[in-house]
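The structure appears below as structure tokens.
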Amino acid sequence: MPGKLSVRLPNWLGDTVMAVPALRALRETLTGTEILLAGPWARILDGQGLADALVPYPRSWRGRLRAAGRVRDFNGDTVLLLPNSFEAAAAAVLWGGRRRVGFARGGRSWLLTDPVERPGPRLHQADEYARLVERLDVAVGPRDPKLAPPAADSPERERVRALLRAAGAPAHGQGRRLVGVHLGAAYGSAKVWQRDRVAEFCALLGRAGDVPVLLGAPADAPAVAEVLAAAPAVSLVGRDSPELLPALLAELDALVSGDTGVAHLAAALGTPAVVLFGPTDPELTAPRGPVAVLRRAVPCAPCFYRVCPIDHPCMRLLEAATVRERVDALVARRA
């Protein structure tokens, strides 16, 4: 059993959430081990009882070099690498880990003391992380990621409610459901639902008395303008922040999203999510929990393209009325 364990978290939000069952198993099994988690999304795990220390590990090289000093000072004798990159393995050497465990990918096996062959055929990402921690004699039980949402009276929830009020949303509990609609995807436009479909969906919600809440990064502003020109909605695009994201998702009655990290986080927090799959494979990356996966069987999917080279049939053919039906069913099941 390691005395101190440093874990390099995945770079993406969704992958970080899918790692939660493995991280929880590490915490519960290695009872005498101090655990440090380092990654770009480490802060979403704050207060979840998964580690003794959390270190934000930025994407920029300068930021990573500064963070590496904090991890090295932790003196972890074992480093567990969840990303498959060469950089992650090189960082493990810099961190001083005498034992370095990770998948044998990217020409980095010589940097690992415990290279683990990745399963073939591929498993769901959560199951692959579970396979990896087996090298530390840790067995992962339940594979659904579960995270405790911020408390209803927390400062983060209060800030989110203020943002919603300022944007024109009614107070929670006034009989009108708040349904988040996430517009973007860091992966690329191939994961994004067409704007006319989004506008049609928002109109359906509005006619039923529900309130669509548009979510996304500042770069999604053009999509927001197009949707708002066609249907009433509340927009928080570019107005929230990563540290408020768990609180925001906890305030929603449901979420509609592409295959994004936001959908994974919503499901882990217990917020029902309808997840639209196009270019990627739900067998590998679908969120687990209160989720309905929607996809259309088209010959070209899953293609894993970031930008569709044709007319985007996998996402274009997902109808707003069907999405609305799935939202209703999920929310009813939660009640």
Inset, instruction - Of the conditions (1) in a strand (DSSP E or B); (2) charged (D, E, K, R); (3) surrounded by fewer than 21 Cβ atoms within 10 Å (Cβ to Cβ), Asp73 clears all except one; give me its number. - result: (1)
Legend entry - Selection status of Ala25, under 19 Å from Trp95 (Cβ atoms), modelled with pLDDT of 95 or more and not polar (S, T, N, Q): no
Legend entry - Test set (1) under 23 Å from Leu30 (Cα atoms); (2) touching a residue at least 24 places away in the same chain (Cβ under 8 Å); (3) surrounded by fewer than 21 Cβ atoms within 10 Å (Cβ to Cβ) - Gly97 fails condition number: (3)
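Table: residues versus (1) at pLDDT 95 or above; (2) touching a Lys or Arg at 6+ places or on another chain (Cβ under 9 Å); (3) open to solvent by less than 10 Å² (accessible area, probe 1.4 Å).
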residue	(1), (2), (3)
Pro242	no, yes, no
Val262	yes, no, no
Gly270	yes, yes, no
Glu283	yes, yes, no
Pro290	yes, yes, no
Leu294	yes, yes, no
Asp311	no, no, no
Arg324	yes, no, no
Ala329	yes, no, no
Legend entry - Test: Leu123 is hydrophobic (A, V, I, L, M, F, W, C), under 20 Å from the mean Cα position of the chain (by Cα) and not in a helix (DSSP H, G or I): yes
Legend entry - Matching helices (runs of 4 or more DSSP H) fully within the range 196-309 where at least 1 residues are under 19 Å from Ala169 (Cβ atoms): 221-230, 245-251, 261-269
Legend entry - Cβ-Cβ under 9 Å pairs, at least 6 apart or on other chains, the range 269-287 side closer than 19 Å to Arg326 by Cα and of a type in the set (Lys, Arg), far side at pLDDT 95 or above and open to solvent by less than 10 Å² (accessible area, probe 1.4 Å): none
Inset, instruction - Out of Val224, Val237, report the one residue that is open to solvent by less than 50 Å² (accessible area, probe 1.4 Å) and either under 17 Å from Ala266 (Cβ atoms) or modelled with pLDDT of 95 or more (or both). - result: Val237
Inset, instruction - Go through the residues of the range 77-85 one by one and say whether even a single one is open to solvent by 10 Å² or more (accessible area, probe 1.4 Å), at negative phi and not in a loop (DSSP other than H, G, I, E, B). - result: no
Legend entry - Restricting the range 100-135 to residues that are in contact (Cβ under 8 Å) with a residue 40 or more places away in the chain, crowded, with 22+ Cβ neighbours inside 10 Å and of a type in the set (A, V, I, L, M), the residue that is nearest to Met1 (Cα to Cα): Val133
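The values are calculated or read from the model by the stated rules, or taken from the named source; none is laboratory data. This one's a predicted model, so the numbers in the text were calculated from it and none came from an experiment. Glycine gets a Cβ as well: all are built from the backbone with ideal geometry, and neighbour counts include every protein chain shown. Calculation scope for accessible area: heavy atoms of the full protein, side chains included, ligands and nucleic acids excluded. Shrake-Rupley method; radii C 1.70, N 1.55, O 1.52, S 1.80 Å.
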